[in-house]
Every structure is written in structure tokens, then in C-alpha cells.
Amino acid sequence: MSSATKTRVAVLVSGGGSNLQSLIEATDTPDFPAEIALVISNKAEAYGLVRAKNSLIKTIVLDHSLYTSRETFDKEIHAVLVENQIQLVCLAGYMRILSPAFVAKWPNRIINIHPSLLPSFPGLNVHQRAIDAGVKFSGCTVHLVGAGLDDGPIIIQAAVPVLANDTAKNLASRILESEHRIYPKALEWIASGRARLIKGQVVVNEEDEGRASASIWPL
Ligand code: GRF
């Protein structure tokens, strides 16, 4: 697939960027329908920036602490995305809540990964909460970003067993392995138009090789 027909993606990170790495590896495949055109971090020390640079991807640091409000910070992110002709935004360990005004400007164009089986355990400290609740399965979810926290139509999930002696740390690292598997898949489905939004739910027909006319994607 030529670069001209690929969906231009920006990945927003705040930390280690292992999910970013899984997206970089997937998008490096010649036929992948999306390319990472930009990585933005709100933290200058985020290792995700190093991963992007190693793959010759453009990076921009926008330090949220230098802005007077969440809205003005998000306006700057929006401006940078537009300037770089970004079509789709992937949040990958981006530890900032997006303002409603920003989300409204990118309807069905922001994807997030969350380390639980949503709608269970939105928010922070997810793995300890899952262990404390005694659930036997947790996992991860890739979803479109809606108005609420860790809310919006689910694209894909993976279930991971919670073991009897699990600590939050080792549960997190097993779930992270599944995250790396499902995030590229979700991006592929959205960018190729294989995913459709029907009555507020994402429906994916894996058999559908063609570009679905009913899909709102590709963008
Ligand atoms: C992942 O568990 C992700 O689901 C969560 O934050 C973690 C980020 O990890 N939102 P990484 O920066 O991608 O390694």
C-alpha cells in the first residue's frame, strides 16, 4: 500500500511506549493501512519518544504544565494534529484526560487502550482493583474515545486469567502482552474500513476483505 493511501496516525504517549512500539512494528508492514506520522508526548522524558526517534518518526513534546488550562493545552494538541494532517489519534499510555471540546473535534477518530475489560475498572490502579474484587479474568480493551472516562464503543478485547497469587505487577505485565497483540489489530480494522459503527457499536467483519461502503472509516 502506498504512503498516500495510508491513514495518517498520531500516537499520544506519556511513558514507556511499549504499545507505541507494537503499533510501530505493525505499521512497518508494507500492507498495513495506517502509518504513524507523529508521536506527541506531554512528558519530555517519556521513553516512547526514544522509540519513535529510533524509527525515524517525527516527535513533538507539549508540556501540559506550561498551559493555563486543560482546554488551552488540548487546543495546542489539536492545532499540531491539524498542521500534520493527522486523520486518527491513538492514545497509548497517555496519562491526561482529554477535554470534551477536544474529543468533540475528533469524533470516532480517537482510539484508546485500557488495561481492563471495560466497562469494568475504568480509571487508575486498575490491576489492584481487579485483584481486590476477586475477578477471575481481567484483560484489556481498545475502544473509541467517547465523552466519559475510559468510555466509548469497544473495538476489541482480550481476556487474561487472574491467577491466585497474582500481584498487580505481574498481572499488568501479562495483560500488557495482550495489549500489544490487540492494539495493532484494532488500528488495522479501523484504518482499513473493516470496522463499522452500527447503532453506537463497533462491528467488525473479519471476512470482509473489501472496503465497506457503510463504514465511516477509512478517514
Ligand atoms: C498500558 O497498560 C496501557 O493500557 C495503559 O498504560 C499502559 C501504558 O504502557 N493506558 P506503555 O506506555 O504502552 O508501555
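The values are calculated or read from the model by the stated rules, or taken from the named source; none is laboratory data. Just so it is clear, the model here is predicted, and its values are computed rather than measured. Using ideal geometry, Cβ is built from the backbone for each residue, glycine included, and neighbour counts are taken over all protein chains shown.
Looking at (1) over 15 Å from the mean Cα position of the chain (by Cα); (2) in a helix (DSSP H, G or I); (3) more than 12 Å from the ligand (Cβ to nearest atom), which is the only condition Ser173 fails?
Answer for Ser173: the failing condition is (3).
Which of the residues spanning segment 28-43 are away from the ligand (no atom under 15 Å from the Cβ) and either modelled with pLDDT of 95 or more or of a type in the set (Asp, Glu) (or both)? Walk me through it before giving the result.
Here is the first cut: in segment 28-43, the ones away from the ligand (no atom under 15 Å from the Cβ) are 28-35, 37-38.
Those that are away from the ligand (no atom under 15 Å from the Cβ) and either modelled with pLDDT of 95 or more or of a type in the set (Asp, Glu) (or both): Asp28, Thr29, Asp31, Phe32, Pro33, Ala34, Glu35, Ala37, Leu38.
In segment 134-156, which residues are more than 15 Å from the chain's Cα centre (by Cα) and aliphatic (A, V, I, L, M)?
Correct list: Val135, Ala147.
Residue-wise test of (1) farther than 12 Å from Asn42 by Cβ; (2) within 16 Å of the ligand (Cβ to nearest atom); (3) aliphatic (A, V, I, L, M); (4) modelled with pLDDT of 95 or more.
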residue: Phe73; (1), (2), (3), (4): no, no, no, yes
residue: Val82; (1), (2), (3), (4): yes, no, yes, yes
residue: Gln85; (1), (2), (3), (4): yes, no, no, yes
residue: Val89; (1), (2), (3), (4): yes, yes, yes, yes
residue: Phe102; (1), (2), (3), (4): yes, no, no, yes
residue: Trp106; (1), (2), (3), (4): yes, no, no, yes
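Can you list the strands (runs of 3 or more DSSP E) found entirely within segment 17-117 that contain at least 3 residues being aliphatic (A, V, I, L, M) and touching a residue at least 12 places away in the same chain (Cβ under 8 Å)?
Values: elements: 34-41, 59-61, 88-91, 110-114.
Here the list reads 34-41, 88-91, 110-114.
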